[in-house]
Amino acid sequence: MQIDFADLWEQHQGLVIGYGLKVIGAVLLLFIGLRVASVISNQVRIQASKRDNIDATLASFFSSIVQWALVAAVVIACLQVFGVQATSFVAILGALTLAIGLSMQGALGNIASGVMIMIFRPFKLGDFVQTAGSTGTVKDINLFQTVLSTPDGVKIIVPNGEAINGVITNFSGYEKRRCDITFGIDYTDDMDKAISLISEVINADPRVLRDPAEPFIKVTNLGDSSVDISTRTWCKSSDLWDMKFDFIKKVKESFDANGISIPYPHTTIDQKAPWKSAAN
């Protein structure tokens with residue numbers, strides 16, 4: 001039995017053309033709608049960032065909410081092209097809520113966690129944090145995830161649920177941080193002279209703050225190979241690492257120029273002559 005495609009086409013021509021046009025229209029609507037959603041969400045981010053009472057973190061989160069809301073509207077509009085009314089879609093969505101909720105517990109939990117991050121603000125965009133076992137600078141906070149960038153340029157995506165449920169260390173949480181460095185000098189070196197040289201380096205640096213405490217420079221330990229001098233100085237959080245690296249370099253140069261040595265671990269072996277041991 002041969003199938004007469006010409007007859008089939010003649011019988012169903014109107015139906016095929018009608019659905020074909022609907023598919024083309026839905027695809028175009030989806031493509032344009034997603035592009036518009038992206039543009040509008042970016043504009044929301046830009047305009048919100050310009051307001052003094054809205055920081056970059058909230059701007060990013062609002063942008064994410066707007067984008068997802070517009071995407072949902074576009075999907076509903078595409079379904080309406082095929083005759084699925086919004087009321088019918090809502091009814092179907094309601095019937096599927098339980099199944100979707102059970103299968104997307106993690107995603108829904110991440111949305112709730114994202115809202116909690118916005119409310120309690122444990123960190124914000126630009127903060128250097130450690131959370132969920134990952135450390136980096138916060139680059140983005142959206143509905144589902146927090147994006148970190150490590151110092152060596154690695155992108156880390158942390159689900160919001162994990163980002164807020166564990167211990168969070170925010171290295172940028174306060175404007176000031178304490179810089180702790182310990183220098184070791186030889187037991188034969190002049191401790192007071194070494195302290196004076198370290199003090200000169202610290203006092204010459206304008207990044208050192210006197211509030212909440214004056215610089216601390218004290219002998220704190222007698223180690224196996226060195227006398228340890230600890231320093232504790234306060235500075236702006238943004239200056240911490242540069243200041244620390246500068247101190248280490250400048251103190252080493254000052255020690256070298258003034259005859260203060262930085263010892264390395266060594267072991268002295270005292271071995272008695274065999275005949276002396278036998279005599280004893």
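The values are calculated or read from the model by the stated rules, or taken from the named source; none is laboratory data. This is a predicted model, so every value here is computed, not measured. All Cβ positions, glycine included, derive from the backbone under ideal geometry; neighbour counts span all protein chains shown.
When each of Gly223, Gly153, Gly161 is tested for being of a type outside the set (D, E, K, R), surrounded by 12 or more Cβ atoms within 10 Å (Cβ to Cβ) and assigned by TED's automatic domain parsing to the domain that holds Gln130, the lone residue that passes is Gly161.
For (1) at pLDDT below 80; (2) of a type in the set (A, V, I, L, M); (3) not assigned by TED's automatic domain parsing to the domain that holds Ile32, each residue gets a yes or a no:
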residue	(1), (2), (3)
Ile76	yes, yes, no
Thr97	yes, no, no
Ser113	no, no, yes
Val129	no, yes, yes
Gly133	no, no, yes
Ser149	no, no, yes
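Among the residues of the stretch 189-241, those identified as of a type outside the set (D, E, K, R), touching a residue at least 60 places away in the same chain (Cβ under 8 Å) and more than 30 Å from Phe128 (Cβ to Cβ) are Ala194, Leu197. Screening Ser225 with (1) modelled with pLDDT under 95; (2) in a strand (DSSP E or B) gives one miss only, at (2). Would you check if there is a residue in the stretch 242-255 being outside any helix (DSSP H, G or I) and in contact (Cβ under 8 Å) with a residue 12 or more places away in the chain? Scanning the stretch 242-255 turns up no residue that is outside any helix (DSSP H, G or I) and in contact (Cβ under 8 Å) with a residue 12 or more places away in the chain. Note on the stretch 125-221: enclosed strands (runs of 3 or more DSSP E) holding 2 or more residues that are in contact with a helix residue (DSSP H, G or I) (Cβ under 8 Å, 6 or more places away or on another chain) are 134-141, 145-149, 176-185. Each residue in the stretch 106-122 was checked for being outside any helix (DSSP H, G or I) and in contact (Cβ under 8 Å) with a residue 60 or more places away in the chain, and 1 pass. Trp234 passes every criterion in (1) surrounded by fewer than 17 Cβ atoms within 10 Å (Cβ to Cβ); (2) in a strand (DSSP E or B) apart from (1). Inspect all residues belonging to the stretch 158-171 and state whether any of them is farther than 30 Å from Leu209 by Cα and within 9 Å of the chain's Cα centre (by Cα). Checked against the condition, which is being farther than 30 Å from Leu209 by Cα and within 9 Å of the chain's Cα centre (by Cα), the stretch 158-171 yields at least one hit.
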